[in-house]
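Everything below concerns the one structure shown next.
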Amino acid sequence: MNKLFHSGYGLLTGLVLGIMLSVSVGVYAGREDASGLSALPVEDLQRFTDVYMRIKRNYVEEVEDKELLDNAIQGMLTGLDEHSTYLDEDDFRDMEAGTSGEFGGLGIEVGMEDGFVKVIAPIDDTPADRAGIEAGDLIVRLDGESVRGMDLSDAVSRMRGEEGTDITLTVVRDGEDQPLEITITRDIIQVESVRSEMLEDGYGYVRVSNFQTRTAQDLVRAIEELKDKNGLRGLVLDLRNNPGGILNGAVGVSDAFLDGGRIVYTEGRLDEAQVDYDASPGDVLNGVPMVVLVNRGSASASEIVAGALQDHGRAIIMGQNSFGKGSVQTILPLTEQTGIKLTTARYYTPDGRSIQDEGIEPDIRLDERLSVSRDEEDETDAMRGLPDDLDEDEDDEESLAERDFGLNEALNLLKGLNIYNAR
């Protein structure tokens, strides 16, 4: 048995080294910038195969080779940062579905922090949003099972499930003495990334809940419809609790309001990671004043938009510091059904600011306890539109701005800017 074990160990070591040597030669041969990368860490690879064979021989249960290798790949990636991860068949399919705006689950964007699942933001009008999940919440248990020790993809897959089934999240929230038990019913998530309405005569409101492939086109169409009603003298762009999404969506939204200049640029180790995104001529608002609302749930692509408009002086940023996710992930397919999501660059605002871990600092800071993106279910109903038979002039009916402190402050600021400019 011992001879067989060492024979198998030697065979596996040779096989792994041979495969990796072949890959290394195929990848790095002739690459001038790959000096040092082609030298394989033979001793470390031997250590890896030693652990692999010891698990195969001694673990309490028999483990499939694929499971061990998938775990090894996942470990390599999650050990780098909280955003790099392995995408198995289910993850890869869900990633593609998420960019198109329809997927199954709770409607929540998450990351990892200190071994727990951290909520970046709930998506508007989804089960997580309606259940009261908030940006910054730490999910510590799923149906009573601790998430510590799980990788992010495992935790996310456990939160997915059949439409109509329940899951209970144990949540630790700032300001709460005890963990919260929140039960959520899963649903099919259909995300409408752009919603709009007139706040009052001449002042429009556009809410972008996340960035999809068609977000920029939908936003421009929404603004044109607002302009066709009574014209626009001011616009509030609401990016609160927007967890990000497609980079090109953020670039397109920024471009809609900028008449030229840099929107964002990225820097990384590879030549292809050095990218500049510039605005094309034309501002859909023709210089009409803008206020952009952000909070700690505004992350990634939404921070690109806020940073670009702030650096160009095109909009006043109002709210709280944003999340601070300034890294770029690239999807690198391994097969037709699997791939890896790898951090390949960091992005910078037009003035060269990195927002990684820092976030976008607002020009005007609002009290987070008062500046909320919606008034529980009331504002969700308002965003769906008023019923046809509702008398909008009734004194007891509050407008969307009156129910939302942050939005009301943004509207008052736009009015003040127009009064000042008129003088």
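Descriptive notes on the structure:
- Qualifying residues in the stretch 223-236 (those that are touching a helix residue (DSSP H, G or I) at 6+ places or on another chain (Cβ under 8 Å) and not in a loop (DSSP other than H, G, I, E, B)) - the one farthest from residue 192 (Cα to Cα): 234
- Answer from 144, 149, 132, 115 - the residue that is under 16 Å from residue 297 (Cα atoms) and surrounded by fewer than 16 Cβ atoms within 10 Å (Cβ to Cβ): 132
- Taking the criterion of being assigned to a strand (DSSP E or B) and either modelled with pLDDT under 90 or touching a Ser or Thr at 6+ places or on another chain (Cβ under 7 Å) (or both), the residues of the stretch 188-198 that qualify are 188, 189, 190, 194.
- Strands (runs of 3 or more DSSP E) contained entirely in the stretch 282-369, each with at least 2 residues that are more than 30 Å from residue 230 (Cβ to Cβ) and at pLDDT below 95: 327-333, 339-348
- Test: residue in the stretch 241-261 that is of a type in the set (D, E, K, R) and not assigned by TED's automatic domain parsing to the domain that holds residue 110: yes
- Of the residues in the stretch 308-324, at least one is at positive phi and touching a helix residue (DSSP H, G or I) at 6+ places or on another chain (Cβ under 7 Å).
- Lone qualifier among 228, 278 - being surrounded by fewer than 22 Cβ atoms within 10 Å (Cβ to Cβ), in the same structural domain as residue 401 (by TED's automatic domain parsing), over 24 Å from residue 111 (Cβ atoms) and in contact with a strand residue (DSSP E or B) (Cβ under 9 Å, 6 or more places away or on another chain): 278
- Selection within the stretch 226-254 - among the acidic types (Asp, Glu) and modelled with pLDDT under 95: 228
- Qualifying residue in the stretch 71-82 (condition: free of Cβ contacts under 8 Å to residues at least 60 places away in the same chain and crowded, with 18+ Cβ neighbours inside 10 Å): no
- The one condition from (1) closer than 20 Å to residue 206 by Cβ; (2) without any contact (Cβ under 8 Å) to a residue 12 or more places away in the chain that residue 283 does not meet is (2).
- For the stretch 33-74, residues that are small (Gly, Ala, Ser) and at pLDDT 90 or above total 1.
The values are calculated or read from the model by the stated rules, or taken from the named source; none is laboratory data. Just so we're clear, the structure is a prediction, and the values are computed from it rather than from any experiment. All Cβ positions, even for glycine, are placed from backbone atoms using ideal geometry, and neighbour counts span all protein chains on display.
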